[in-house]
């Protein structure tokens, strides 16, 4: 696998653990967007793009997030514990949209993204820094949010 482009969008440091987003082009053929760069307890790591898990109401078949206590459509009380649990016994709330199949691929991608992140952080410290453009993505709301706007 050849990562032909890695773009990193830095987020200003704030109380949240999210430090930036990455977009990765693989073999000049496929792009994976919305990869999150997160500051965890053991340092930086990447989280693949994901979606919130949902299920259906048994009464009306309305779609609800798995943490919902009542149906968004009909108001029926929903059963607790309607989702699978992860390896730590916690409810699975999100599912990856795209992810590496093998640990070695995950390590390869994560190392490349974090290397690009550190390069972008160093570039951001230089006079006249211009952030990488993400014309195809809308992260402006995060910049406004992190600046208190």
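The values are calculated or read from the model by the stated rules, or taken from the named source; none is laboratory data. Everything numeric here is computed off the predicted structure, so don't read it as measured data. Here the Cβ is made from the backbone with ideal geometry for all residues, glycine too, and neighbour counts use every protein chain on show.
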Exactly one condition in (1) more than 22 Å from residue 134 (Cα to Cα); (2) in a strand (DSSP E or B) is not met by residue 51; state its number.
-> (1)
Test each condition in (1) part of a strand (DSSP E or B); (2) in contact with a helix residue (DSSP H, G or I) (Cβ under 6 Å, 6 or more places away or on another chain); (3) farther than 22 Å from residue 99 by Cα for residue 12 and report the one that comes out false.
-> (1)
Kindly check whether there is at least one residue in the range 101-115 that is closer than 16 Å to residue 46 by Cβ, modelled with pLDDT of 80 or more, part of a loop (DSSP other than H, G, I, E, B) and out of contact with any helix residue (DSSP H, G or I) (no Cβ under 6 Å at 6 or more places or on another chain).
-> yes
